[in-house]
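For reference, the structure discussed in these notes is given below.
The values are calculated or read from the model by the stated rules, or taken from the named source; none is laboratory data. Treat the numbers as computed from the prediction; the structure is a model and nothing was measured. Methodologically, a virtual Cβ is constructed for each residue, glycine included, from the backbone with ideal geometry; neighbour enumeration extends over all protein chains shown. SASA here: full protein model, heavy atoms, side chains in, ligands and nucleic acids out. Shrake-Rupley method; radii C 1.70, N 1.55, O 1.52, S 1.80 Å.
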Amino acid sequence: MTFEQTILFALFGAVFALLVWGRWRYDIVAFSALLAGVALGVVPEDAAFAGFGHPAVVIVALVLIVSAGLVRSGAVHLLTRTVTDSARGVQGHIAVMGGIGAALSGFINNVAALALLMPVDVTTARKAGRPPGRTLMPLSFATILGGMVTLIGTPPNIIIAGIREESLGAPFGMFDFAPVGVATAVAGLAFVALVGWRLIPARGDVAEHVEKVTEYVAELTVPDDSEVIGKRVRELYATAEETDVAIIGLIRDDKRRYGTSANTKLQAGDALVLEATPAALEEFRSALSLGFADKGHEDKLKAEGSGLTLIEVVVPEGARIAGKTVHSVGLLWRQHTVLMGISRQGRRITEQMRRTKVRPGDILLLLAPKESATTVVEWLGVLPLADRGLTVTQNTKTWAAIGLFAAAVAAASVGLVYLPIGLGIVVVGYVLLGILPARELYDHVEWPVLVLLGSMIALGGALDAAGGTRLIAENLTSLTAGWPVWAVLAALMVVTMTLSDVLNNTATAVVAAPVAIEMARALGVSPDAFLMAVAVGASCAFLTPIGHKNNTLILGPGGYRFGDYWQMGLPLEVIVVAVAVPVILLVWV
């Protein structure tokens with residue numbers, strides 16, 4: 001080995017060791033290694049930050065922003081509320097939720113897809129009376145499998161497409177990954193739904209793992225143009241049950257009606273009195289397009305495009321609002337904030353919300369402009385609870401968000417527009433349509449992931465320029481000398497999987513993709529086949545909670561231990577190799 005190769009291999013070894021150790025965050029590790037490479041002279045100064053301008057980095061950032069727009073528009077609520085059913089058995093639930101998760105992961109980042117569906121899965125588990133750990137791991141694995149189907153579904157695919165463009169002159173297209181990805185995802189989902197979930201160790205009961213979320217008594221109003229006008233209150237019970245909301249009363253003309261008013265026909269301006277958690281309340285509001293405030297005051301919220309957020313606060317002694325009503329302190333006209341609900345230690349509230357005197361110890365659910373939420377909390381003299389990341393759905397923009405995104409994907413798929421440009425147009429469109437406030441755009445970008453990616457791309461380029469990837473390829477080729485192509489492909493996929501199970505999958509893809517190209521050249525076969533093997537191997541990290549961020553996300557909510565993953569993950573990885581290798585040979589060799 002040359003001096004440059006020795007230094008670069010040492011840097012990569014240090015990065016991998018530190019990532020496995022986990023003492024420091026992965027972006028700090030990768031960026032420090034990049035700076036060390038520059039200082040040691042193995043990474044040219046003028047190429048040190050070239051990785052941050054790589055199309056893969058831009059696409060990952062744009063996909064995360066677009067994912068947030070699809071959430072805010074209500075597109076995901078529209079999908080999940082039509083198919084989830086707590087009465088389904090575990091097997092049926094996993095098949096449905098896994099299918100939704102896989103489908104979403106093909107078109108939005110698979111981490112974002114899991115983040116969207118995980119609360120739905122946990123809520124369904126609570127309603128069905130089963131531990132969420134029974135279904136969260138299958139959901140995580142399903143979103144990972146679905147991400148392999150398209151170019152934008154997972155960062156490794158984006159990275160591999162970029163490396164192909166640099167090495168072979170053209171990137172993979174949007175759906176080039178689909179033949180292998182679909183076959184692998186279908187086989188994997190079938191295993192997870194039919195057999196895999198039974199291999200997950202049982203971890204206690206529901207109460208042990210489901211976060212105790214405060215339930216509020218809240219009010220939602222019927223807008224003038226609402227589709228529920230003329231319907232009886234009881235006709236909303238089905239939607240309320242699906243979203244885990246209890247309808248406990250009705251207010252008309254500022255007077256609380258007796259009982260639940262189940263047979264009363266709804267009129268514009270009526271207020272439904274509800275009991276629900278914040279997330280359930282927002283889902284119910286979005287499903288029926290109900291209003292936030294008293295009739296005549298909706299304009300003060302400036303809901304369209306203003307960036308509203310739900311915040312939970314507890315009222316201490318001496319707070320401005322303690323002993324007063326929100327009407328008397330002028331919460332709406334002074335702070336453009338609405339009281340959505342009150343939780344009072346399990347006691348039922350019978351007065352109209354804006355006329356209820358707030359007591360010390362009450363927990364309030366407030367709807368406030370995002371940019372002034374901190375000011376509202378300070379002005380009221382209340383204490384914020386832990387941020388649950390609650391957002392307000394722009395459900396009137398659902399189809400606009402879906403249509404714009406679908407048009408961009410279709411245009412990129414047929415070559416009318418370069419994918420990063422298409423996604424960029426979607427982001428700008430979301431801002432202009434008020435789906436995403438401009439001030440929030442960069443809040444949705446996972447900057448540590450981009451720093452990791454930009455740093456590793458630069459280091460990987462330096463290793464390739466120094467002949468390091470060729471050296472790895474030659475050694476791996478010599479170890480598999482005389483093996484048929486299918487066996488070499490399988491070996492490359494297994495090695496890549498093993499690395500991805502203990503490292504970040506983006507780092508694995510950066511290192512393994514150039515090696516795959518060199519191995520293919522040495523064997524005289526199409527590099528695309530070997531790149532596909534790396535794409536599958538880098539994505540399929542099922543043995544540990546650290547190999548893929550999705551597996552990390554479910555660790556706490558599912559009540560899992562480190563050693564729980566391999567029991568379903570190991571047979572799944574075997575199935576992935578057994579299915580992916582023949583399909584790769586059929587399509588790409």
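Among the candidates Thr150, Thr80, Thr135, which residue alone is open to solvent by less than 10 Å² (accessible area, probe 1.4 Å), among the hydroxyl-bearing types (Ser, Thr, Tyr), outside any loop (DSSP other than H, G, I, E, B) and at pLDDT 90 or above? Explain how you work it out, then say what you get.
Working: Thr150 fails: outside any loop (DSSP other than H, G, I, E, B); Thr80 fails: at pLDDT 90 or above.
Of Thr150, Thr80, Thr135, the one residue that is open to solvent by less than 10 Å² (accessible area, probe 1.4 Å), among the hydroxyl-bearing types (Ser, Thr, Tyr), outside any loop (DSSP other than H, G, I, E, B) and at pLDDT 90 or above is Thr135.
So which residues in region 345-369 are at pLDDT below 75 and buried (at least 17 other Cβ atoms within 10 Å of the Cβ), if there are any at all?
Ile349, Gln352, Met353, Arg354
Would you mind stating whether Leu555 is in a loop (DSSP other than H, G, I, E, B), open to solvent by 10 Å² or more (accessible area, probe 1.4 Å) and modelled with pLDDT under 90?
For Leu555, the condition - in a loop (DSSP other than H, G, I, E, B), open to solvent by 10 Å² or more (accessible area, probe 1.4 Å) and modelled with pLDDT under 90 - is met.
Only residues that are open to solvent by 40 Å² or more (accessible area, probe 1.4 Å) and closer than 16 Å to Ser455 by Cα: list them for region 1-12, please.
Matches in region 1-12: Phe9, Ala10.
Would you please name the residue that is modelled with the lowest pLDDT, looking only at residues in region 34-49 that are touching a Leu at 6+ places or on another chain (Cβ under 7 Å) and open to solvent by 10 Å² or more (accessible area, probe 1.4 Å)?
Checked region 34-49; the qualifying residue modelled with the lowest pLDDT is Val42.
Being more than 21 Å from Val576 (Cβ to Cβ) and β-branched (Val, Ile, Thr): is that true of Ile163 here?
Spelling it out, Ile163 is indeed more than 21 Å from Val576 (Cβ to Cβ) and β-branched (Val, Ile, Thr).
Exactly one condition in (1) at pLDDT 85 or above; (2) assigned to a loop (DSSP other than H, G, I, E, B); (3) at negative phi is not met by Glu317; state its number.
It fails just one condition, (1).
Only residues that are open to solvent by 20 Å² or more (accessible area, probe 1.4 Å) and assigned to a loop (DSSP other than H, G, I, E, B): list them for region 432-443, please.
If the condition is that a residue be open to solvent by 20 Å² or more (accessible area, probe 1.4 Å) and assigned to a loop (DSSP other than H, G, I, E, B), then Leu433 is the only one that fits.
Do you know which residues across region 558-588 are open to solvent by less than 50 Å² (accessible area, probe 1.4 Å) and part of a loop (DSSP other than H, G, I, E, B)?
Passing the criteria: Gly558, Gly559, Tyr560.
Assuming Met97 fulfils every condition listed in (1) part of a helix (DSSP H, G or I); (2) modelled with pLDDT under 75; (3) more than 21 Å from Glu446 (Cβ to Cβ); (4) among the hydrophobic types (A, V, I, L, M, F, W, C) apart from one, which condition is it?
It is condition (2) that Met97 fails.
For region 249-274, which positions are modelled with pLDDT of 85 or more, of a type outside the set (Lys, Arg), open to solvent by 30 Å² or more (accessible area, probe 1.4 Å) and under 40 Å from the mean Cα position of the chain (by Cα)?
The answer is Gln267, Ala268.
Do we have any residue at all in region 169-186 that's under 30 Å from His54 (Cβ atoms), within 24 Å of the chain's Cα centre (by Cα), at pLDDT below 90 and surrounded by 16 or more Cβ atoms within 10 Å (Cβ to Cβ)?
Yes, that holds for at least one residue.
Which residues, taken from region 471-511, are of a type in the set (Gly, Ala, Ser), more than 24 Å from the chain's Cα centre (by Cα) and closer than 19 Å to Val180 by Cβ?
Result: Ala487, Ala490, Ala491.
So, Ala113, is that one at pLDDT below 80 and outside any helix (DSSP H, G or I) or not?
No, not satisfied.
What are the pairs with Cβ atoms under 7 angstrom where one residue, in region 40-65, is under 20 Å from Ile158 (Cβ atoms) and the other, located anywhere, is open to solvent by 40 Å² or more (accessible area, probe 1.4 Å) and at pLDDT below 80? Sequence gap at least six, or different chains.
Leu64/His444; Leu64/Glu446; Ile65/His444
Which of the residues that make up region 227-248 are open to solvent by less than 40 Å² (accessible area, probe 1.4 Å) and in contact (Cβ under 8 Å) with a residue 40 or more places away in the chain?
Of everything in region 227-248, those that are open to solvent by less than 40 Å² (accessible area, probe 1.4 Å) and in contact (Cβ under 8 Å) with a residue 40 or more places away in the chain turn out to be Val228, Leu236, Thr239, Ala240, Thr243, Ile248.
Return the pair list, or none, for Cβ contacts closer than 7 Å from residues in region 321-333 that are closer than 16 Å to Leu365 by Cβ to residues that are assigned to a helix (DSSP H, G or I) and open to solvent by less than 80 Å² (accessible area, probe 1.4 Å), at least 6 apart or on different chains.
What qualifies is Ile321/Val329; Ile321/Leu380; Thr325/Arg354; Val326/Arg354; Leu332/Lys300.
Could we say that Glu208 is open to solvent by 20 Å² or more (accessible area, probe 1.4 Å), among the acidic types (Asp, Glu), at pLDDT below 70 and closer than 30 Å to Gly129 by Cβ here?
yes
Out of the residues in region 396-425 meeting the condition of being in a helix (DSSP H, G or I), at pLDDT below 80 and open to solvent by 30 Å² or more (accessible area, probe 1.4 Å), tell me which one is nearest to Pro171 (Cα to Cα).
If we take residues in region 396-425 being in a helix (DSSP H, G or I), at pLDDT below 80 and open to solvent by 30 Å² or more (accessible area, probe 1.4 Å), then Ser413 is nearest to Pro171 (Cα to Cα).
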